[in-house]
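Peer 1: Sharing a structure, written as C-alpha cells. Questions coming.
The values are calculated or read from the model by the stated rules, or taken from the named source; none is laboratory data. For clarity, every value in this text was computed on a predicted model and none was experimentally measured. Cβ atoms come from the backbone with ideal geometry, glycine included; neighbour counts cover every protein chain shown.
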Amino acid sequence: MPKLLIVDDEVDVREFAGNFFKKRKIEVFKAAGGKEALVIIDREKPDLVLLDVRMEEMNGIDVLRTLRKKNNNVKIIMVTGVENGDSVKEAHELGILGYIHKPLILEELEKVVMKELS
C-alpha cells in the first residue's frame, strides 16, 4: 500500500485530503508542521509528501532543504496559496515534482498524486 504524508498547518486541509486518499487505498499520515513532518518522514518513509509552503514554525522550503541535506530524495509536491518566485525557483532546484495551488481541486490533486504513487 502506498504511503502519503500530508503536511499542512490547516486542520481542514489535512482531514479533507487525508480522507480522500484513504478511500483510494493509500496509507495516509498527517503533520501540522515541518518539524513533525521530518519525524514522520524518517519513521514512515512515505512514497510521496504533499508539503505546504507557508507554515508557522518551519516552512515547506526549510523542510525541503533539511531533507535534501540528509540525502533524502523522497518525492515532494509543494502546496501553496501564494506565488513566490524565489521559493518556487529554490524548490525546483531542490528537486520537487511540482506545485499544486490552493484551494485544492480534488480532480487535479488525485491526478497528480495517483500518477506518482502508481
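Peer 1: Can we say Met1 is assigned to a loop (DSSP other than H, G, I, E, B) and closer than 16 Å to Ile100 by Cβ?
Peer 2: no
Peer 1: From the set of residues in the range 7-54 that are of a type in the set (D, E, K, R), more than 14 Å from the chain's Cα centre (by Cα) and assigned to a loop (DSSP other than H, G, I, E, B), which is farthest from Glu107 (Cα to Cα)?
Peer 2: If we take residues in the range 7-54 being of a type in the set (D, E, K, R), more than 14 Å from the chain's Cα centre (by Cα) and assigned to a loop (DSSP other than H, G, I, E, B), then Lys25 is farthest from Glu107 (Cα to Cα).
Peer 1: Hey, any hits in the range 58-73 for a residue that's outside any helix (DSSP H, G or I), of a type outside the set (Asp, Glu) and under 15 Å from Glu110 (Cα atoms)? Spell out the reasoning first.
Peer 2: If we filter the range 58-73 for residues that are outside any helix (DSSP H, G or I), which is where we start, we get 58-59, 70-73.
So of that shortlist, the ones also of a type outside the set (Asp, Glu) come out as 58-59, 70-73.
Now narrow it down to the ones that are under 15 Å from Glu110 (Cα atoms): none.
Within the range 58-73 (the criterion being outside any helix (DSSP H, G or I), of a type outside the set (Asp, Glu) and under 15 Å from Glu110 (Cα atoms)), the answer is no, since none of the residues qualifies.
Peer 1: Search the range 55-66 for residues being over 25 Å from Lys115 (Cα atoms) and not aliphatic (A, V, I, L, M), and hand back the single one that is surrounded by the most Cβ atoms within 10 Å (Cβ to Cβ).
Peer 2: So the first thing to find is which residues in the range 55-66 are over 25 Å from Lys115 (Cα atoms), and the list is 55-59, 62, 66.
After this cut, where a residue has to be not aliphatic (A, V, I, L, M) as well, the list is 56-57, 59, 62, 66.
Working: Glu56: 9, Glu57: 11, Asn59: 18, Asp62: 14, Thr66: 16.
Applying the filter and picking the extreme gives Asn59.
Peer 1: Which is within 17 Å of Leu117 (Cβ to Cβ) and not aliphatic (A, V, I, L, M), of Lys45, Lys35, Lys69?
Peer 2: So the residue among Lys45, Lys35, Lys69 that is within 17 Å of Leu117 (Cβ to Cβ) and not aliphatic (A, V, I, L, M) is Lys45.
Peer 1: Pairs please, first residue from the range 57-79 and without any contact (Cβ under 8 Å) to a residue 40 or more places away in the chain and of a type outside the set (Phe, Trp, Tyr), second anywhere and assigned to a strand (DSSP E or B) and exposed (fewer than 15 other Cβ atoms within 10 Å of the Cβ), Cβ atoms under 8 Å, 6+ apart in sequence or on different chains.
Peer 2: Once the first residue is without any contact (Cβ under 8 Å) to a residue 40 or more places away in the chain and of a type outside the set (Phe, Trp, Tyr) and sits in the range 57-79, its partners that are assigned to a strand (DSSP E or B) and exposed (fewer than 15 other Cβ atoms within 10 Å of the Cβ) give Ile77/Gly98; Met78/Gly98.
Peer 1: Another question about this same structure. Out of Gly81, Gly34, Gly85, which single residue is small (Gly, Ala, Ser) and modelled with pLDDT of 95 or more?
Peer 2: Values: Gly81 fails: modelled with pLDDT of 95 or more; Gly85 fails: modelled with pLDDT of 95 or more.
Exactly one residue qualifies, and that residue is Gly34.
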